[in-house]
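The structure appears right after this line, and notes come after that.
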Amino acid sequence: MKHQIKKLPASQIEIEVEIPSEDLDKFLEKAFAHFNEHLKVDGFRQGNIPKNIVEEKVGKENILAEAADLAVKDAYAKIIKENNLEPITAPDVQVLKLAKGNPFIFKIKVNLLPEIGLGDYNKIASQVKKNKISVSEEEINNSLEYIRKSRSKFSQLDRPAQEKDFIEIEYESSQLGSEKMKDQFILGEGGFMPGFEQKIVGMKTGEEKEFSVAFPQNAQRKDLAGKEVSFKTKMLGVKKVEIPEANDDFVKSLGKFESLSALRDNLKEGITMEKEEQERENRRKEILEKIVEKSKIDIPQSLIDSEKENLLKNFKNRISQNHKISFEEYLASVKQDEKTILESFVKEAEKKIKNYLILKEIGKRENILISEEEIEKEVNKNIKNYSKEVLEKIDINEFKEYIKGVIYNEKIFQLLENLLKP
């Protein structure tokens, strides 16, 4: 086999390959054996069908095509290994000459992992500062208030709804393209758009009401920003809320703590852990952004296009799950087309690809390795959180690759965090 590699722009290469006719003959034999093994012909056992009958049933051109496919896969794998190439897309094969008794000549185009002019990541990481974590009394009080409200007692009221009552409503709006939806909350604390909750003060159980409120200027629905949106609302229930007093007796009823002071200490510890986790994520984001900023990467367009498609797919799923409408209905409501939405993901796609490539390059330079034991341990730890139904839908090999990536990135960030300023 002879081959020649030619570099193309944007981290793409072209490989021209010539396989001698005698080598192609070997792949023809393998192709024939493949069809012989799987072909069913009356009067013959599979695998023992005469060659002329196999050719008649399958077709000589199909056997030759199968042989060519086997030859391409074999040659491609050898060339990639021998030249230490790192493809990031599937190969694009162009057959130049294919005939029995002649050399098989073809070209392969493939995108490689682009060359990365990596910034001084050790220096960059060492210059990022660790922020000190503190928890205020207000934060502890807010958490305590949440617990108190979660243990509230409710009693039905036979009067119009007032602020601080617990209510349940049903509502819909044709302008939002939504079906009837239900919600329940403490009136005045529901977090609806400004003006909505004031409109339902005074409604009795079973009462229906139509009204309009101005859509927020900063809302995601730009086509409705600042416009009047009509709602049909029905009051399903009005209840009195009794929130327990924060004292030792209340805390003991929770079954975990002996005193209010012990609960407050526990809340402080929990908030501290949450803040430390958030601070860790913020630090890692800052480190990575600064390394990317100081690095040079020529991203292949095919990678950007592929990532844009992935982002669009995820976006469609969110629309379906969160808004309960089809993507076509969403496009109509925002007066945009799919192409416009797709192109809106360009910057996000580039950012995700750059982050991925930078981390991969650092891991390669630092010789980050992951053992099978590490992967198995993390996989077993994670699958404990999944139901049997969810596990049946999971591709275990894909899940292992995902876990491997998580471990890989974690090791890189830990390495960089060891360089942080105190």
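Here is how the numbers come out for the structure above:
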| read-out | value |
| --- | --- |
| Within region 62-170, trypsin sites (Lys or Arg not before Pro) in DSSP loop having at most 15 other beta-carbon neighbours inside 10 Å | 100, 130, 132, 151, 164 |
| Most fluctuating residue given options 368, 133, 53, as computed from a GNM of the chain linking Cα atoms under 10 Å | 53 |
| Region 289-355-region 256-270 distance, computed between alpha-carbon centres (Å) | 44 Å |
| Point-charge dipole on Cβ atoms (K/R +1, D/E -1) for region 2-113, about Cα centre, debye to 20 | 120 debye |
| Average Cα contact separation per residue, region 1-140, under 8 Å, 6 or more apart, as relative contact order % | 30 percent |
| Qualifying GluC sites (Glu not before Pro) for region 88-170 [loop in DSSP, other Cβ within 10 Å: at most 16] | 115, 163 |
| Net length gained if the chain between residue 141 and residue 81 were fully extended (0.36 nm per residue, minus Cα distance) | 15.5 nm |
| For the chain, with +1 on Lys and Arg beta carbons and -1 on Asp and Glu, the positive-most of 312, 291, 340 along the dipole | 291 |
| Cα-based shape type of region 2-113, given that a ≥ b ≥ c are square roots of the gyration tensor eigenvalues and the cut on a/c is 1.5 | prolate |
| Euclidean distance of C-alpha centroids, region 1-60 and region 170-243, integer Å | 67 Å |
| Relative contact order of the chain, pairs being alpha-carbon contacts under 8 Å that are 6 or more residues apart, as % | 16 percent |
| Selection from 330, 13, 173, by position along the positive dipole direction of the chain (Cβ) | 13 |
| Of (1) 1.46; (2) 1.13; (3) 0.98, the label for Cα Rg over 2.2 N^0.38 Å derived from the coordinates | (1) |
| Residue among 316, 384, 339 with the largest mean-square fluctuation in a Gaussian network model of the chain, springs linking Cα atoms under 10 Å | 384 |
| Distance from region 108-150 to region 368-417 (C-alpha centre basis), Å | 21 Å |
| Listed residue (396, 416, 383) projecting farthest to the positive dipole end of region 368-422, Cβ model | 416 |
| Pairs from 132/252; 109/411; 7/97; 132/400; 26/97; 7/352 whose Cα-Cα separation, in the structure shown, is over 28 Å | 132/252; 109/411; 132/400 |
| Cβ-placed point charges (K, R +1; D, E -1), dipole of region 130-198 about Cα centre in debye, nearest 20 | 380 debye |
| Set of region 363-381 residues, backbone N closer than 15 Å to the point 7 Å along the Cα-Cβ line of residue 391 | 377-381 |
| 3J(HN,Hα) from dihedral phi, region 219-227, Karplus parametrisation 6.51/-1.76/1.60, rounded to Hz, x for glycine, proline | 6, 5, 6, 5, 5, 10, 3, x, 8 |
| Distance between modelled label sites at residue 406 and residue 281, nm, 7 Å Cα→Cβ extension | 1.4 nm |
| Only Lys, Arg (+1) and Asp, Glu (-1) charged, at Cβ; the chain dipole about Cα centre in debye | 480 debye |
| Gyration tensor (alpha-carbon) shape descriptor, region 298-422, a/c threshold 1.5 | oblate |
| Which listed pairs, of 73/393; 164/384; 182/316; 73/364, have C-alpha distances above 32 Å, in listed order | 164/384 |
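We did not get these values from a lab; they are worked out from the coordinates using the rules stated. Values in this document were obtained by computation on a predicted structure and should not be read as measured data. As a convention, Cβ positions derive from the backbone with ideal geometry for all residues, glycine included, and neighbour counts pool all protein chains shown.
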